[in-house]
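The values are calculated or read from the model by the stated rules, or taken from the named source; none is laboratory data. Bear in mind that the values here come from a model prediction, so they are computed numbers and not experimental data. Cβ: placed from backbone, ideal geometry, glycine included. Neighbour counts: every protein chain shown. The area values use the complete protein model at the heavy-atom level, side chains included, leaving out ligands, DNA and RNA. Shrake-Rupley method; radii C 1.70, N 1.55, O 1.52, S 1.80 Å.
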Amino acid sequence: MQFQIVDKKLKDIKADIELIFVVDKDLKHKFIGDKEAIKFNNYKGESVLILSEAKRAYVPLSKLDLDELRVAAAKAYNALKSLNIKSIKLASYVAECQKLSFEALAEGFLLGSYEFNKYKEKKERYTLKEIIFSTEEFSGKKIDLKAANEGFKEAEIIASATNFTKDIVNEIPEIYTPQKMAEDAQNLAKNIASIKCEVYDEKFLAKENMNAFLAVNRASVHKPRLIHLTYKPKKSKKRIIFVGKGLTYDSGGLSLKPADYMLTMKSDKSGAAAALGIIKGAAELNLPFEIHAILGATENMIGGNAYKPDDVLISRSGVSIEVRNTDAEGRLVLADCLSYAQDFKPDILIDMATLTGACVVGLGEYTTGIMGNSESLKNEFKTKIKDSGELATTLDFNPYLSELIKSQIADVSNCASSRYGGAITAGMFLAKFIKDEYKDKWLHLDIAGPAYREKAWGYNQAGASGAGVRMNLYFLQALSKEN
Ligand code: BES
Ligand code: ZN
Ligand code: ZN
């Protein structure tokens, strides 16, 4: 799909169909010749109306807002994809900022057109190739062609990174093993010169005393992989490290998940998949930061050699962990990966994980939980990601919840003594593995809700959404504009 903007009136642009967004059900910008047809269809601007003879389509846009532009673009794509058309033309629609509006529209088309169909016999073929914007704008704003083209370019990078992450998350557990994740990471480094990749196996993990990570892997027939990618720009302002939970399957281990809860657990690799998407996007955007992606890839399975509730693990950092539930495995893998990550002296350290069902219960399926020790970093992050369209909110630590992860036998328990506050107690568990000097530089993002949903929403299809990718790329872009 290609985007372009031309300094011509809409009527002077050639395309197979014209698209008109109906903003807030207001039909005042309808094409005069369509008046009769709109009346005949009793059209009120609440759904999509395709006038095949006039070759015009009306698509609702609830308000001029960046994320609503994404939703409307995806809606338009879905309504038109079954038609045999190659090109669409439309006017310019500007929300807060011109560049971001064109970026959001292009993202809406690109994210909305994603499909994971490799296991379907019948693959639908869509012919849509070109989306042409006119500089015509309803309130008469002067459109900046340069800003629009910049928006298109960034949208292509950001949406492609997001769709890349979706492909990883959607892939089935039979195929997507830790080794497969390592191969994907190595291929990324092969394709992008500024990215390097190191893959470490179980021997390295043992040498590094990553015993918590190793314990989770023990009953799996697939060996674990610690994957470390680095993107280095010519000039770097900061070193930013992303750590991702890469559970290629989470059966729960001996604390086995009930059947209904195990389903969708191929998506437990979403944190690591997001980190891969972020480093790809950051490199393609040429961001002025040294970026690391550290992925802990393993399965959590059952078997005679499985790690057990009652075990005590000595983690890489030396903190001992009482295992009270083998299904709280993500925090064990992350504990060791976070410890490893701090050796590389990050200016900002962000982990991403589908860590707790409690986060989904608390925030719903659409919102990421932002946690950490630093009030100002959490708030800064929340503010800077606003335009990304990803939803996220802060969840604050408190000393009462910290009591719940105390252990009688070890330094910390991997499972809180109460169900309440499960997202935060998991975050506070991770905090035990952050050294004092990085305390205020660390953020934990629990993406358990939005990473994977079995029903489509907004511009997301059923399945993976690529949660974390856009959020962090927008964060990095906002950060790069400072000093
Ligand atoms: N991967 C799950 C969390 C999860 C649940 C992600 C639902 C996405 C959707 C995680 O490993 C897990 O099982 N957590 C337990 C922790 C508990 C045993 C303390 C949970 O949330 O129930
Ligand atoms: Zn689990
Ligand atoms: Zn898990």
Response to the item:
The condition of being open to solvent by 30 Å² or more (accessible area, probe 1.4 Å), farther than 23 Å from E154 by Cβ, touching a residue at least 40 places away in the same chain (Cβ under 8 Å) and out of contact with any helix residue (DSSP H, G or I) (no Cβ under 9 Å at 6 or more places or on another chain) holds, among K55, K35, K9, K39, only for K9
Worksheet item: Which ranges mark the helices (runs of 4 or more DSSP H) fully within the stretch 362-466 that have 3 or more residues being farther than 23 Å from E329 by Cβ?
Response: 375-384
Worksheet item: Taking into account only those residues within the stretch 245-264 that are without any contact (Cβ under 8 Å) to a residue 40 or more places away in the chain and under 23 Å from the mean Cα position of the chain (by Cα), which is nearest to ligand 2 (Cβ to nearest atom)?
Response: M262
Practice prompt. Please enumerate the residues belonging to the stretch 163-176 that are over 26 Å from F109 (Cα atoms) and buried (at least 21 other Cβ atoms within 10 Å of the Cβ).
Written response: Y176
Worksheet item: Mind checking whether some residue in the stretch 410-422 is buried (at least 24 other Cβ atoms within 10 Å of the Cβ), more than 16 Å from ligand 2 (Cβ to nearest atom) and touching a residue at least 24 places away in the same chain (Cβ under 8 Å)?
Response: no
Worksheet item: Out of the residues in the stretch 177-208 that are small (G, A, S) and in contact (Cβ under 8 Å) with a residue 60 or more places away in the chain, which is surrounded by the fewest Cβ atoms within 10 Å (Cβ to Cβ)?
Response: S194
Worksheet entry | Output for the stretch 338-375, where each listed residue is in contact with an Asp or Glu (Cβ under 8 Å, 6 or more places away or on another chain) and either within 16 Å of ligand 2 (Cβ to nearest atom) or among the hydroxyl-bearing types (S, T, Y) (or both) | Y340, A353, T354, L355, T356, C359, T368, S374
Worksheet entry | Output for the stretch 361-379, where each listed residue is open to solvent by less than 50 Å² (accessible area, probe 1.4 Å), farther than 23 Å from L276 by Cβ and either more than 16 Å from ligand 1 (Cβ to nearest atom) or touching a helix residue (DSSP H, G or I) at 6+ places or on another chain (Cβ under 9 Å) (or both) | L363, S374, L377, K378
Practice prompt. Taking the residues in the stretch 249-294 that are at positive phi and within 10 Å of ligand 1 (Cβ to nearest atom) as candidates, determine which candidate is surrounded by the fewest Cβ atoms within 10 Å (Cβ to Cβ).
Written response: T264
Discussion item. Return the residues of the stretch 326-359 that are in a loop (DSSP other than H, G, I, E, B) and either without any contact (Cβ under 8 Å) to a residue 12 or more places away in the chain or buried (at least 16 other Cβ atoms within 10 Å of the Cβ) (or both); say none if nothing qualifies.
Written reply: T326, D327, A328, E329, D343, P346, T354, L355, T356
Worksheet item: Going by the structure shown, is S92 in contact with a Ser or Thr (Cβ under 7 Å, 6 or more places away or on another chain), touching a residue at least 60 places away in the same chain (Cβ under 8 Å) and under 30 Å from Y474 (Cα atoms)?
Response: yes
Fill in: Residues of the stretch 291-325 satisfying the condition of being assigned to a strand (DSSP E or B), more than 16 Å from ligand 3 (Cβ to nearest atom) and within 19 Å of L226 (Cα to Cα)
I291, H292, A293, I294, L313, I314
